[in-house]
Ligand SMILES: O=C(O)CCC(=O)C(=O)O
């Protein structure tokens, strides 16, 4: 129900059903705040160096930030601004878009999967399907009036960046440049516009608890003013501090499968704070539903057996959404 949205009211106290049991809390004081995830400058004049550093980042962290990525900075700023404007709309306006059905292609919702979870998360989000644009844009919010135009332009740029990164990722695995794009078929593209209001008790809850992304590649536009993303690395949570004009890239479960486990779809989470609201915009490149996914033949052989069985993305996605987030890595269910 729309009254579950947390962006429509001011909360002086954290409601009981957002409080995590002691053992599951974020333990914010233990988070490493001065580490860095790798940074890759896509304008590096040495393309082989770019490929090598992307390959290294995918192996060690599953996450990296990109600079000089080609998405215009003004568009990134406009995207975040229109997202803030959207979440400031009156409650009645937002109520019209609310749904807790994960099957809906356009929905304003809250937490992660309110139908399945027992403890909620301090997040509202707008979920959009973005490809092909002409099919989905007519169903997107018409308010704020510039929303459709800005978000469409942003989606186009991000998609082009994603395909550029696919080429580098394919090359870094020793595969043909077009391998990932070709194998994953006509890519769907989804967006989650995540809004994390100020939270009265950030130590007790999450914006999004630890999860991996079920898709192939995620491009994250982060609020430039407020940190909140944390990534698991060597058993410790690392804070990803916003870097001016950068985008954050992470490997999703499908690239972990396709790389036969060489590249990691790592656990990450979003924490909240009591000072300022935070926004992030995640763009997900998703394989075509009926394409068969499994380790690339070239990466399987003597001494390197296939770690995962083949499956369709539809099967994988259904499995992902039938679970709660704090369960084992979904790919574990597809091990050979
Ligand atoms: O808000 C963030 O920084 C992370 C968002 C995220 O992980 C997601 O949307 O899947």
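Once a ≥ b ≥ c are taken as the square roots of the eigenvalues of the Cα gyration tensor of segment 131-279, is the result rounded (a/c under 1.5), prolate (a/b larger than b/c) or oblate (a/b not larger than b/c)? It is oblate, given that a/c is not under 1.5 and a/b is not larger than b/c.
Each principal axis of the Cα cloud of segment 199-272 was evaluated for its coordinate range; sorted largest first, these ranges are 42, 29, 21 Å.
May I ask you to derive the FRET efficiency for residue 107 and residue 135 from their Cβ-Cβ distance with R0 = 22 Å, giving the value to the nearest 0.05? The value I calculate is 0.85. When only alpha carbons are used to place a centre, segment 229-267 and segment 125-143 end up 27 Å from one another.
Using a Gaussian network model of the chain in which every pair of alpha carbons under 10 angstrom is joined by a spring, one finds that among 248, 300, 114 the greatest mean-square fluctuation is at 300. The convex hull of the Cα atoms of segment 172-237, projected and averaged over all directions, covers 7.1 nm². Helix 147-172 and the long axis of the chain differ in direction by around 30°, with both axes built from C-alpha atoms. Taking only the C-alpha atoms of segment 257-296, Rg followed by Dmax gives 16.0, 46 Å. Quick one: if you stick a label point 7 Å off each Cα along the C-beta vector at residue 19 and residue 291, how many nm between them? Placing both labels 7 Å along Cα→Cβ, they lie 4.7 nm apart. Rounded if a/c is under 1.5, else prolate if a/b beats b/c, else oblate: with a ≥ b ≥ c from the C-alpha gyration tensor eigenvalues square-rooted, which is segment 19-146? In terms of gyration-tensor shape, oblate.
Using Cα centres only, tell me the gap between segment 30-58 and segment 172-209 in whole Å. Computed from Cα coordinates, the inter-centre distance equals 18 Å. With the simple spin-label model, which puts each label point 7 Å out from Cα in the Cβ direction, the residue 34 to residue 99 separation comes to 4.8 nm. For segment 234-336, the Kirkwood estimate of hydrodynamic radius, built from reciprocal distances between every pair of different alpha carbons, is 16.0 Å. Derived from the Cα gyration tensor, the three semi-axes of the equivalent ellipsoid of segment 61-217 are 28, 20, 16 Å, largest first.
Projecting label points 7 angstrom from Cα along Cα→Cβ for residue 12 and residue 43 puts them 5.1 nm apart. Each 10 Å bin from zero up to the one holding the largest Cα-Cα distance in the chain carries the following percent of pairs: 5, 26, 36, 25, 7, 1, 0.
DSSP beta bridges confined to the chain are antiparallel in about 90 percent of cases. Both numbers refer to the Cα atoms of segment 78-168; Rg and Dmax are 14.6, 45 Å. Once the Cα-Cα distance is subtracted from the 0.36 nm per residue extended length, the residue 315 to residue 245 segment shows a gain of 21.6 nm.
Here the translational diffusion coefficient of segment 53-107 follows from Stokes-Einstein with Rh set to the Kirkwood radius across Cα pairs; for 20 °C and 1.002 mPa s it amounts to 144 µm²/s.
Mean silhouette area of segment 278-326, derived from the convex hull of its C-alpha atoms and averaged over all directions, reads 5.7 nm².
Compared with the alpha-carbon gap, the fully stretched path from residue 178 to residue 201 is longer by 3.6 nm at 0.36 nm per residue. In the Gaussian network model of the chain, springs joining C-alpha atoms below 10 Å, which of 187, 256, 225 carries the largest mean-square fluctuation? It is 225.
Laboratory data are not the source of any read-out in this text; all were calculated from the coordinates shown. What you see is a predicted model; the values in this text were computed from it and never measured. Here Cβ is always computed from backbone atoms with ideal geometry, including for glycine, and neighbour counts include all displayed protein chains.
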